[in-house]
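Worksheet: one structure, shown below.
The values are calculated or read from the model by the stated rules, or taken from the named source; none is laboratory data. All of these numbers come straight from a predicted model, not from anything done at the bench. Neighbour counts run over all protein chains shown; Cβ positions are idealised from the backbone, glycine included.
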Amino acid sequence: MLLPGRDSWRTCRGPREGTSLRHVVVALLALALLGPISPSWADSTSGSSTPAQVGYGAGSFLGTLLYTPAKASFCLLGAIGSAPTAIVSTRTAGKIVGASCRGTWVITPEVLQGREKLKFIGDTPADQAAAAR
């Protein structure tokens with residue numbers, strides 16, 4: 001027998017149930033997407049106009065919003081894929097994770113202007129050592 005008020009918590013849900021968890025999830029996603037973004041100050045010696053600088057800044061912000069989740073997914077898939085490889089060879093697993101998780105994470109105005117390269121696949125430590133020679 002269900003008495004009013006006694007077990008009503010099992011059958012009734014309030015209008016605000018789960019909203020605090022929803023706010024936490026939204027905040028964590030926002031930090032994950034916007035956290036790696038560092039402010040890039042406009043170079044006053046570049047000779048470009050203020051509207052161009054604003055355009056590159058807005059483009060880099062929007063580009064980062066779209067690019068970072070794709071890069072994070074690639075990094076996660078690389079980490080998952082390297083797990084079985086680590087059983088056989090930890091060095092190869094490290095190269096897989098390095099290639100998938102290193103590289104460019106933030107689209108800067110310099111990338112949009114072509115002054116810096118966009119590296120979706122990062123360099124492994126062996127590649128960096130060979131480039132240093």
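The sole residue among Ala86, Ala93 that is surrounded by fewer than 15 Cβ atoms within 10 Å (Cβ to Cβ), free of Cβ contacts under 8 Å to residues at least 12 places away in the same chain, over 30 Å from Ala52 (Cα atoms) and touching a helix residue (DSSP H, G or I) at 6+ places or on another chain (Cβ under 7 Å) is Ala86. Gln128 passes every criterion in (1) at pLDDT 90 or above; (2) over 26 Å from Gln53 (Cα atoms) apart from (1).
Of Leu66, Leu118, Leu77, all but one fail to be closer than 24 Å to Gln53 by Cα, surrounded by fewer than 16 Cβ atoms within 10 Å (Cβ to Cβ) and either at pLDDT 90 or above or touching a Cys at 6+ places or on another chain (Cβ under 9 Å) (or both); the exception is Leu66.
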